[in-house]
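Participant: If you scroll down you'll find the structure; I have some questions about it.
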Amino acid sequence: MYNNIALLDQQVGKILDELEADGLLDSTIIFFYADHGGPLPRQKRLVYDAGLKVPMIIRFPHKQQAGTIDDRLLNFLDFAPTLLTLSGKTPPEYLQGQSFLGENQPEPRAYLHAAADRFDGFTDNIRAERDRRYKYIRNYRPEQGYYLPVAYRARIPSMQELLR
């Protein structure tokens, strides 16, 4: 695991070095985030916090906002309107997300909605709504087993050990 972290650090460092060499580092906003949870149960593709709460770091030019923490409820749908806003464009009305940086930000949302439907060859039907303190989860297929044997997950050594 530590080798992977070191490799990631090297790759991010290389990108930062290239931006600096090209004279772009001080005019570039960098978003660094995980995709959507790990591959184990209750993580990737599911509505549980282990799959919804992902790390994100934003680096602004000239160390603006360095060291600050923002605890708003954000969604990956928010990235498109945020990038448009940061580039000086008005996000179109049909976009589902809301800008979380830049000018004319809406009030922070009170609730976040999530869904789990398709898992490769399997389907499920789970919905969730959360606020800062609570989460409501509705499983529309309670008769279906919790563990869905998704092929890619079954090949992960730690998952094989859990199943054993």
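The values are calculated or read from the model by the stated rules, or taken from the named source; none is laboratory data. For clarity, every value in this text was computed on a predicted model and none was experimentally measured. A quick note on method: Cβ atoms are made from the backbone with ideal geometry, for glycine too, and the neighbour counts reach across all protein chains shown. Please note that ligands, DNA and RNA were not included when accessible areas were found on the heavy atoms of the full protein model with its side chains. Shrake-Rupley method; radii C 1.70, N 1.55, O 1.52, S 1.80 Å.
Participant: Quick check on segment 19-107: what does the Kirkwood estimate of hydrodynamic radius come out to from the alpha carbon pairs, in Å?
Facilitator: Numbers: mean 1/r = 0.0674 Å⁻¹.
With all distinct Cα pairs of segment 19-107 included, I get 14.8 Å.
Participant: Could I ask something else about it? Just grab the label-to-label distance for A110 and L24, each label 7 Å out from Cα along the Cβ direction, in nm (one decimal).
Facilitator: Distance between label points: 4.2 nm.
Participant: With the Cα gyration tensor of the chain in hand, give its eigenvalues times 5 under a square root as the equivalent ellipsoid semi-axes, listed largest first in whole angstrom.
Facilitator: On the way: eigenvalues 213, 115, 35 Å².
So the equivalent ellipsoid measures 33, 24, 13 Å along its semi-axes.
Participant: Hey, got the dipole for the chain? About the Cα centre, +1 on K and R Cβ, -1 on D and E Cβ, debye to the nearest 20?
Facilitator: Value, rounded to 20: 820 debye.
Participant: Work through the residues other than L162 whose Cβ is under 12 Å from its Cβ and net out their charges, Lys, Arg +1 and Asp, Glu -1.
Facilitator: Numbers: positive: R42, R153, R164; negative: E161.
Once all neighbours under 12 Å are counted, the net charge is +2.
Participant: In Å, what Kirkwood hydrodynamic radius results for segment 117-164 from the alpha-carbon pair distances?
Facilitator: Mean inverse Cα-Cα distance, inverted, gives 12.8 Å.
Participant: Before anything else, pin down the relative contact order of the chain: Cα pairs under 8 Å, at least 6 apart, normalised by residue count, whole percent. All intermediate terms of the calculation are to be shown ahead of the outcome.
Facilitator: Numbers: 194 pairs, mean separation 22.6, N = 164.
Normalised by residue count, the contact order of the chain is 14 percent.
Participant: A further question on this structure: Would you tally the net charge around P108, using a Cβ to Cβ cut-off of less than 13 Å, leaving P108 out, and scoring K and R as +1, D and E as -1? Can you show the working numbers first?
Facilitator: Working: positive: R72, R109, R132; negative: D70, D71, D78, E107, D131.
Net of charged neighbours comes to -2.
Participant: How much length is gained on full extension from V150 to K53, taking 0.36 nm per residue of separation minus their Cα-Cα distance? Could you put the intermediate results ahead of the total?
Facilitator: Working: separation 97, 0.36 × 97 = 34.92 nm, distance 2.15 nm.
Using 0.36 nm per residue and subtracting the Cα-Cα distance, I get 32.8 nm.
Participant: Could you tally the net charge around F60, taking each other residue with its Cβ under 14 Å from the Cβ of F60, Lys/Arg +1 and Asp/Glu -1?
Facilitator: Details: positive: R59, K63; negative: D26, D70.
That works out to 0.
Participant: Within straight cross-link reach of K89, meaning Cα distance under 20 Å, which aspartates and glutamates are found once same-chain residues fewer than 8 apart are removed?
Facilitator: D78, E103, E107
Participant: Beyond 12 Å, what share of the Cα-Cα pairs of segment 50-95 remains, rounded to the nearest whole percent? Don't skip to the end; give the middle numbers.
Facilitator: Numbers: 753 of 1035 pairs.
For segment 50-95, the share of Cα pairs beyond 12 Å comes to 73 percent.
Participant: Got a number for carbon plus sulfur as a percent of the chain's accessible area, 1.4 Å probe? Numbers along the way, then the final one.
Facilitator: Working: 6510 of 11990 Å².
That share works out to 54 percent.
Participant: Which of the lysines could a cross-linker bridge to K44, judged by Cα under 29 Å and excluding same-chain residues fewer than eight apart?
Facilitator: Of all the lysines, those that pass the test against K44 - Cα under 29 Å, at least 8 places apart if same chain - are K14, K53, K135.
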